[in-house]
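The values are calculated or read from the model by the stated rules, or taken from the named source; none is laboratory data. On a predicted model such as this, the values are computed, not experimentally measured, just so you know. So basically every Cβ, Gly included, is an ideal-geometry build from the backbone, and we count neighbours across all protein chains shown.
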Amino acid sequence: MKTLEEMAARFADRLNRDIVCACGQTHRADIDYVLIGEDAVKCVPRVMRRKGYKTALILADENTWEVAGKTVRDVIRKSKFKSWNHVYQRDGETLCADERAMDEGAEAFLACPQRPDVLITVGTGTLNDLGKQIAAAMDVRCWNVATAASMDGFASTVAALTRGNLKVTEYYTPPEVIIGDTRILKTAPREMTLAGIADMAAKYNARLDWRISRIINREHYCDLIADGMLAVTDDIIDLALEAPEEGEFSDALLERLMEGLVLSGVYMSYAGNSRAASGAEHHFSHFWEMWLQVNGKPPIYHGVKVGVGSMTMADLYPAYLGFRIDEAKARERLEAFDEAAEIETLKQVYGDAAPMLLADYAYGKADRLKRLLVEIEKQAEIEAEIRAMMPRLERMKQALLHIGAKTRWEQLPNIGEVQARQAMRYCKAMRPQFTLLQLIHDTYWPIDRYEEAWVKGLEYKEDTMEADEIKIEEQIEEVKPEAVPAETPAPKKRGRKPGSKNKPKTEKKAAEAPKRRGRPKKVVEEAPQTAPAPAAPKVVRKKKEELPYWLL
């Protein structure tokens, strides 16, 4: 068992201080302590004493109260400090970070006999977000005691909240103290830990997309952030490859995973954006997350969807290798690009979310023509970056298959072929950050062929798939118009629920399964005719605070 000093030392040089970086920026993460290890929760009273706190309000839900909330209460009271607790009751419904929960938490704080010095949330995503908002409203600092290593938002400066039935992102001070007790983390459902591992696996794709954008767009890039993220991801993937296919994960994996998830938030704070932690794979996840929310479908763990996006991109990067951009053809097609029609399509696909997405629209003709020359000039450099990352991408794929993470869109509950195709074509608009998906769009690499193989579960081989066999315009009729508009009114209360319990084949079992062969069937029905689109509207840019959570 590590001491408080030993646990605190692990993060001490990265927290609560200005770091003047060689990249030209000064980085900072306003967090005092990150304590990860066996029985780390027992350090709560000592840290309270160091901070001069004597009272605390513990915020939990019915599950997290039983798992860890009672323990936090007991260790505080045994040290002669005062504590009160509020446990959210939802009678079988899932707790949501909505206005009802925010108001309830604030009322609980004000109802305490004495004003609490600190708010301690016990839980992960939803409770973590609620803690940030309620603490800011009550003008105290919040702490977080994690109950699962399932997501990378612990140390982030944002909270995903639901206001007026719309999911929005708001910006807050991160938790002052983050505690990951491996005894507690071990009790989490395996699927939650799988989600955390998959969220970390995405960091390879994120790094590659960031480096590609640096080459093409001269986007600011920080070696300190990128290399720090790479090192912890390597360790987690190595430990995942050694993990059992079923049952409990080791303390070593849980500890390093929790460290990686916290560091993701720290490095995002350093960068001022999500580049260190997310790339095109997160665009897939956010697209499906939004579609499920708007259509009143049960949510799926964020990391589970990210894992599917990571596996998709890990195959897409090498598929792009060897492609030679035909400048004349690409320029001709870009000159003929109907920007107004593209915007109308995005409006159909994204529905009510379209105005916010279009606030950072970066896919116009002028921008693409300007990038094309750079993309041609730097093609060899871009390929070198992809090749350098391929060994890690292969290990990542092996690790996710080995531990039984979900790796295919068919394994996501309520996500059908239509939503899979839509994500492949339109999820690049989820964020303004440049990724391989936008590079493919600029250069007219035949992604329609890859999409067909991906949707059908076929092995993509460019030399065996004729261009005239697969035409994107001839694909399923409802792909464009049937995207985000709700099938049923979105419910007022939503929250985090696990997805399907269907378990994918492990790498070994997958190898034994017969491969699907043959070419996909040609779709013969014609696509619906589209009326001439109006001129592209003037887009009003939104302030950062007004952007939705999927634009992080």
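Structural remarks
- Qualifying residue in region 24-45 (condition: surrounded by fewer than 19 Cβ atoms within 10 Å (Cβ to Cβ), among the hydrophobic types (A, V, I, L, M, F, W, C) and not in a strand (DSSP E or B)): no
- The single condition among (1) in contact with a Phe, Trp or Tyr (Cβ under 9 Å, 6 or more places away or on another chain); (2) within 17 Å of Val177 (Cβ to Cβ); (3) surrounded by fewer than 23 Cβ atoms within 10 Å (Cβ to Cβ) that Ser79 does not satisfy is (1).
- The one condition in (1) closer than 21 Å to Arg163 by Cα; (2) modelled with pLDDT of 95 or more that His86 fails to fulfil: (1)
- Selection status of Met102, closer than 25 Å to Gly303 by Cα and of a type in the set (A, V, I, L, M, F, W, C): yes
- One residue alone among Glu255, Glu245, Glu259, Glu281 is touching a helix residue (DSSP H, G or I) at 6+ places or on another chain (Cβ under 7 Å), among the charged types (D, E, K, R) and not in a helix (DSSP H, G or I), and that residue is Glu245.
- Count - residues of region 349-391 that are surrounded by fewer than 17 Cβ atoms within 10 Å (Cβ to Cβ), assigned to a helix (DSSP H, G or I) and either at pLDDT 90 or above or more than 24 Å from the chain's Cα centre (by Cα) (or both): 18
To keep it simple, each residue is scored yes or no on (1) farther than 20 Å from Ile184 by Cα; (2) modelled with pLDDT of 95 or more.
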site	(1), (2)
Gly92	yes, no
Ala97	yes, no
Pro116	yes, yes
Leu119	no, yes
Gly123	no, yes
Thr126	no, no
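- The lone criterion from (1) in a helix (DSSP H, G or I); (2) touching a helix residue (DSSP H, G or I) at 6+ places or on another chain (Cβ under 8 Å); (3) farther than 22 Å from Gly279 by Cβ left unmet by Met192 is number (2).
- In region 241-285, the residue that is surrounded by the fewest Cβ atoms within 10 Å (Cβ to Cβ) out of those that are under 18 Å from Leu437 (Cα atoms) and in contact with a Phe, Trp or Tyr (Cβ under 6 Å, 6 or more places away or on another chain) is Arg275.
- Hits in region 211-269 (condition: among the aromatic types (Phe, Trp, Tyr) and over 18 Å from Pro174 (Cβ atoms)): Tyr221, Phe249
- Of the residues examined, Thr64 is not one that is in a loop (DSSP other than H, G, I, E, B) and either surrounded by 16 or more Cβ atoms within 10 Å (Cβ to Cβ) or not small (Gly, Ala, Ser) (or both).
- For region 143-179, residues that are hydroxyl-bearing (Ser, Thr, Tyr), over 25 Å from Ala9 (Cβ atoms) and either in contact with an Asp or Glu (Cβ under 7 Å, 6 or more places away or on another chain) or crowded, with 24+ Cβ neighbours inside 10 Å (or both) total 3.
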